[in-house]
Amino acid sequence: MRDSEALIEVLAKDMRPVDRVAPVWRRVMVWGPVALGLGFMATLMLHRFNTDWSAAHAAISVANVALSLTLGLAIFAASLSISVAGGRVRGKGWIVGGLAAWLVLAMVSMALSPRLISFQRGVGSYCFTFVLTAGAPMILVAIAALRRTRSLNPRRSLSVAGAGIAFMAFGLLGFCHPAEMSMTDFVAHLLAALVLGVGTVLAGRPLIRA
């Protein structure tokens, strides 16, 4: 078409306005409960241990659940933010402080364990299986949320999302895990988080690439 004005007019008629992306906090309020709900339902197929909330160290379990869920949602929000061009992570200092507090709680839990280093059969495997089972559907939710905006750096966005998923899964695990934790349990938690992170990147990278 030699007439550039006519070409522009034709293209303009075919174009549709781009919907504005909702603020990050609103997207987290929508996708976060969906991820947690699906993660919880996935774990119903597993044998669940009931946490004794009247035990002497129940406060540690409560703090662990609250901190893990808060960190999970905050880190998930960070992944949504950095997926947008020019997006910045708000409250980075609070997230770092929360991670430090989570490590302190983990050390306190391990200090309460009567057998800090245990290599008994089955020790840690339940935690590993639970975290993966809870996190698997959350990966799909995270990818669906990130596909709305895509990402110029999908590996970074998905890695951060995977970390958020891991902490949300830790929060669900806290409802059926005693305050005491052996080092084997802790290593199993970290390995499960690593698997979730790698799985999130591998599954989501071709789907959210800008």
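Things to note:
- Computed from Cα positions, the angle between helix 24-43 and the longest principal axis of the chain comes to roughly 50 degrees.
- For the range 73-117, alpha-carbon Rg relative to the globular expectation (2.2 N^0.38 Å, N residues): 1.66
- Top of GLY164, GLY86, GLY174 by mean-square fluctuation, Gaussian network on the chain, Cα under 10 Å: GLY86
- Fluctuation leader among ALA58, ALA145, ALA192 - the chain, Gaussian network, Cα springs under 10 angstrom: ALA58
- Solvent-accessible heavy-atom area per residue, rounded to whole Å², over the chain at 1.4 Å: 58
- Here ALA144 and TRP53 are evaluated by their C-beta separation; at R0 = 25 Å the FRET efficiency comes out at 0.15.
- A DSSP coil position with no more than 13 other Cβ atoms inside 10 Å describes the following chymotrypsin sites (Phe, Trp or Tyr not before Pro) in the range 114-210: PHE119.
- Largest to smallest principal axis extent of the C-alpha atoms in the range 28-131, angstrom: 49, 32, 28
- Once the Cβ-Cβ distance of LEU112 and VAL34 is raised to the sixth power relative to R0 = 41 Å, the FRET efficiency obtained is 0.75.
- More than 20 angstrom apart: percent of Cα pairs within the range 17-82: 48
- In degrees, nearest ten, helix 4-14 long axis to first principal axis of the chain (Cα): 40
- Apportionment of accessible area to carbon and sulfur, the chain, percent (1.4 Å): 67
- Working from label points 7 Å from Cα in the Cα-to-Cβ sense, the LEU99 to ALA203 distance is 2.3 nm.
- Kirkwood hydrodynamic radius (C-alpha pairs) into Stokes-Einstein, the chain, 37 °C and 0.692 mPa s, D in µm²/s: 177
- Accessible heavy-atom area order of TRP102, TRP25, highest first, probe of 1.4 Å: TRP25, TRP102
- Approximate spin-label separation VAL21-VAL89, in nm, with each point projected 7 Å along Cα-to-Cβ: 1.6
- When the Cα atoms of the range 128-209 are aligned to their principal axes, the ranges along those axes come out at 42, 19, 15 Å in descending order.
- Averaging 1/r across all pairs of distinct Cα atoms in the range 163-210 and inverting the result yields a Kirkwood radius of 12.0 Å.
- Nearest-ten-degree value, helix 154-173 long axis tilted from longest Cα axis of the chain: 30
- For the options VAL104, VAL141, VAL65, a Gaussian network treatment of the chain with springs between C-alpha atoms closer than 10 Å singles out VAL104 as fluctuating the most.
The values are calculated or read from the model by the stated rules, or taken from the named source; none is laboratory data. Quick caveat, the model's predicted, so the values are computed rather than measured. No Cβ is skipped: glycine too gets one built from the backbone with ideal geometry, and neighbour counts run over all protein chains shown. Calculation scope for accessible area: heavy atoms of the full protein, side chains included, ligands and nucleic acids excluded. Shrake-Rupley method; radii C 1.70, N 1.55, O 1.52, S 1.80 Å.
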